[in-house]
Amino acid sequence: MKLAVIIWALGCALSVKAISQQEVIAAVLIGEAGGEGRKGMEAVLEVIHTRAREQHKLPYHVVTERFQFACLNHVSQATLVQLGRRHPRWAEAVRLVSRSVQTNWTHGANHYHEVTIHPGWKNRICRVGRHIFYSFT
């Protein structure tokens, strides 16, 4: 019995390690803006990079911070990556994360929400697809 638990735990640990930080970020792009096309995913990626720069963190640590990206609120990173890999824009999301070219659709925004959400935030910068972007610096 104990051996079975150890083998199961090792299998879980190996499956988590097999997921790269880039894949987690790509899965967040899919989860947050996969239906918005390249421009929408680029806009979310800009927010990730802006927060990383402002908070002196790696982009991976920005996206895995608790309750910052809704697509990761109630699902594991591994599950989100598995779901993301099945999305038709997966390859595009992975390319966006791995490239060094930065876009500027959001003009330095560090927060956003879907258009049907009304948090009463000020400092609106722009709208890209179904997301509204803000800066709180």
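No value in this document is a laboratory result; all are computed from the given coordinates. The structure presented is a predicted model; accordingly, all values stated were derived computationally and were not measured. Every residue, glycine among them, receives a Cβ derived from its backbone with ideal geometry; neighbour counts consider all protein chains shown.
Classify region 65-132 as rounded, prolate or oblate from the Cα gyration tensor: take a ≥ b ≥ c as the square roots of its eigenvalues, call it rounded if a/c is under 1.5, otherwise prolate when a/b beats b/c and oblate if not.
In terms of gyration-tensor shape, oblate.
What translational diffusion coefficient, to the nearest whole µm²/s, does the chain have by Stokes-Einstein, given a Kirkwood radius computed over alpha-carbon pairs, a temperature of 10 °C and 1.306 mPa s viscosity?
On the way: Rh = 15.7 Å.
For the chosen part, D equals 101 µm²/s.
Could you work out the relative contact order of the chain? I mean the mean sequence separation of Cα pairs under 8 Å and 6+ apart, divided by the number of residues, in percent. Could you put the intermediate results ahead of the total?
Details: 172 pairs, mean separation 38.0, N = 137.
Value for the chain: 28 percent.
For the chain, set up a GNM with springs between Cα atoms under 10 Å and report which of W90, W121, W105 has the largest fluctuation.
Most flexible of the set in this elastic network: W121.
Please list 57-64, 75-82, 113-120 highest first by mean number of surrounding beta-carbon atoms within 10 Å per residue.
57-64, 75-82, 113-120
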